[in-house]
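The values are calculated or read from the model by the stated rules, or taken from the named source; none is laboratory data. Nothing here was measured: the structure is a model prediction, and the numbers come from that model. Here the Cβ positions follow ideal geometry from the backbone for every residue, glycine too, while neighbour counts run over all protein chains shown. The area values use the complete protein model at the heavy-atom level, side chains included, leaving out ligands, DNA and RNA. Shrake-Rupley method; radii C 1.70, N 1.55, O 1.52, S 1.80 Å.
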Amino acid sequence: MGLLPEALGRDPRLVDPLVLGSTLLLVLAVGLLVHGAAARMLRLVDEQRAELEAALVETASAGARREARAEEVEHDTRSALGALRSALSTLDRYADELDRDLAHRLQSAALREVDHLEQLLRQQGSDPASDRCSDWVAFDVREVVRDVALTRQVVGLRVRTDEVAGRALGSPGDLSTVLGNLLVNAMRHAPGAEVRVSTSVVGDVLELRVHDDGPGISPALAPTVFERGVHGGSTGLGLHISRELARDMGGELHLEPTPVGCCFVLTLVRAGDESAQPTTRPAAGKAVAGPVDHAPQRTEDGHPLHTV
């Protein structure tokens, strides 16, 4: 015999409909309260679990970003040190043979790379994009291009910069990095090719072209050339970093179709300049006419230094 029938038999008042109804309502109310508390507890557990999962995802993402940033800084540092070594090595080996103007340009190129290394150190542990914005100035594009080109000339790259002019708004150090990466890319994938750097104006934009007469980029690789990863036997970081730097300066970097070689186009925010205007854009694949700055010296390996 159950407990409830036994209790009803001992106390006839419990059979009273009002008492019985009140008891049932009380039991129902207690059940609802327990159910509500349990539901709230489950919701709280779900919310805490979701927050924990989000925190774990953010931690993993932050770790991946730090790792990616560390790789980019290492890549930029190696590039800057390589350019610095080239300039200083040439100054050291051929101090008695270099004319005063070329020696001054090599010193300027070396100092620019030192500035770039200092910029990389300032960006450690902070948001690099915000730091770059604070470094923005109006600068002479030709000066940066000539310095960067010279550090690649002394290791044997043939570069022409006689069609570069104009001023841009942004970071000279970031432009040095982008151009240095593009020139290293040409040295690695188009050995022996001549590289022509030129500028042209399109409204408020200054376009800087880096065009080599090498074998070019295969159609299969072209759509993914700026993606992070391994491309063409290299780390796949240089072009990726260059595009990100271009975007950080309010510009863009893209691959332009050309019948001969490979042509990268960097767009920059143009700064006002009444004294020097970029030349008219040359037709793709055609030779460039006009004066060339001559510096008939030697590379760090003892070969004649190509003209810039």
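Quick look at the numbers
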read-out: Residues of segment 149-170 satisfying the condition of being within 11 Å of SER86 (Cβ to Cβ) and assigned to a helix (DSSP H, G or I); value: LEU150, THR151, ARG152, GLN153
read-out: Criterion violated by LEU182 - all others in (1) at pLDDT 90 or above; (2) more than 16 Å from the chain's Cα centre (by Cα); (3) not charged (D, E, K, R) satisfied; value: (2)
read-out: Test: residue in segment 161-173 that is open to solvent by less than 10 Å² (accessible area, probe 1.4 Å), of a type in the set (A, V, I, L, M) and closer than 25 Å to ARG93 by Cα; value: no
read-out: Matching residues, segment 195-210, being at negative phi and out of contact with any helix residue (DSSP H, G or I) (no Cβ under 9 Å at 6 or more places or on another chain); value: ARG196, SER198, SER200, VAL201, VAL202, ASP204, VAL205, GLU207, ARG209
read-out: Segment 105-121: number of residues that are open to solvent by 90 Å² or more (accessible area, probe 1.4 Å) and either within 15 Å of GLN153 (Cα to Cα) or in contact with a Cys (Cβ under 8 Å, 6 or more places away or on another chain) (or both); value: 1
read-out: Residue list for segment 175-192, filter: assigned to a helix (DSSP H, G or I) and farther than 14 Å from SER79 by Cβ; value: HIS189
read-out: So VAL205, is it at pLDDT 95 or above, open to solvent by less than 10 Å² (accessible area, probe 1.4 Å) and over 16 Å from the mean Cα position of the chain (by Cα); value: no
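Conditions (1) modelled with pLDDT under 90; (2) among the β-branched types (Val, Ile, Thr); (3) surrounded by 11 or more Cβ atoms within 10 Å (Cβ to Cβ), marked per residue:
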residue: ARG228; (1), (2), (3): yes, no, yes
residue: SER234; (1), (2), (3): yes, no, yes
residue: GLY250; (1), (2), (3): no, no, yes
residue: VAL269; (1), (2), (3): no, yes, yes
residue: THR279; (1), (2), (3): yes, yes, yes
residue: GLY285; (1), (2), (3): yes, no, yes
residue: ALA289; (1), (2), (3): yes, no, no
residue: GLY302; (1), (2), (3): yes, no, no
residue: THR307; (1), (2), (3): yes, yes, yes
